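Q: One structure is given below, represented as structure tokens, and several questions about it will come after.
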């Protein structure tokens, strides 16, 4: 026997549960950190845990990727290859953009507006893509959540990646709510139990 879900109940559920937004979970040869880096591996594992939890609980998932603009009107854009395990499913949303902020995708901006900024971010290039998205969200009166231990940052000048991530997390706290993956999983699990 199948269950019929009414549209009003579905909309209410999506307002109560955040959408998981995974940023730049694709290969980028120009900015690729060493996969053996401990911080990269730990953050990637936390992104996997967040994605696994979202899919298991029916939380909406969105992927964003930065795609360079085609050189001219007749060439097709080049789409980067997804990191293994982060390939979008047919139910996931995918938003392409040409600048660091996810809001530069008109479709993402529209969905974020529909959600009243109720989404949670994790992913790569935290010092650029995640930070610029959080700043723009703040200017739109959105207050997303950032999974600070699921951010991957590149080292900058003489600063190692761990120091960059700590600094970015502190700055993100001005524009968004920050938490860690296991706390978000626990909190959303409780909310899912209340929503059902």
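Q: Within the stretch 50-57, can one find any residue that is closer than 28 Å to residue 174 by Cβ, at pLDDT 95 or above, surrounded by fewer than 18 Cβ atoms within 10 Å (Cβ to Cβ) and out of contact with any strand residue (DSSP E or B) (no Cβ under 6 Å at 6 or more places or on another chain)?
A: So the first thing to find is which residues in the stretch 50-57 are closer than 28 Å to residue 174 by Cβ, and the list is 50-51, 53-54.
Restricting the remaining residues to those that are at pLDDT 95 or above gives 50-51, 53-54.
Filter once more, keeping what is surrounded by fewer than 18 Cβ atoms within 10 Å (Cβ to Cβ): none.
No, the stretch 50-57 has no match at all.
Q: For residues that are part of a helix (DSSP H, G or I), at pLDDT below 95 and in contact with a helix residue (DSSP H, G or I) (Cβ under 6 Å, 6 or more places away or on another chain), tally how many sit in the stretch 122-164.
A: The qualifying residues number 5.
Q: Name the residues in the stretch 98-121 that are closer than 13 Å to residue 64 by Cβ, out of contact with any strand residue (DSSP E or B) (no Cβ under 6 Å at 6 or more places or on another chain) and not in a helix (DSSP H, G or I), would you?
A: Scanning the stretch 98-121 gives 98, 99, 100, 101.
Q: Looking for whichever is surrounded by fewer than 19 Cβ atoms within 10 Å (Cβ to Cβ), on the phi < 0 side of the Ramachandran plot and touching a strand residue (DSSP E or B) at 6+ places or on another chain (Cβ under 8 Å) here; the options are 180, 168, 135. Which one fits?
A: Numbers: 168 fails: surrounded by fewer than 19 Cβ atoms within 10 Å (Cβ to Cβ); 135 fails: touching a strand residue (DSSP E or B) at 6+ places or on another chain (Cβ under 8 Å).
Selected residue: 180, the only one of 180, 168, 135 that is surrounded by fewer than 19 Cβ atoms within 10 Å (Cβ to Cβ), on the phi < 0 side of the Ramachandran plot and touching a strand residue (DSSP E or B) at 6+ places or on another chain (Cβ under 8 Å).
Table: residues versus (1) loosely packed, with under 15 Cβ neighbours inside 10 Å; (2) in contact (Cβ under 8 Å) with a residue 40 or more places away in the chain; (3) part of a loop (DSSP other than H, G, I, E, B).
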position	(1), (2), (3)
59	no, yes, yes
65	no, yes, no
75	yes, no, yes
87	yes, no, yes
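Q: Now, a different point. Scan the stretch 104-132 for residues that are surrounded by 18 or more Cβ atoms within 10 Å (Cβ to Cβ) and at positive phi and jot them down.
A: Selection gives 123, 125.
The values are calculated or read from the model by the stated rules, or taken from the named source; none is laboratory data. Model, not experiment: these values are computed from the prediction. Cβ: placed from backbone, ideal geometry, glycine included. Neighbour counts: every protein chain shown.
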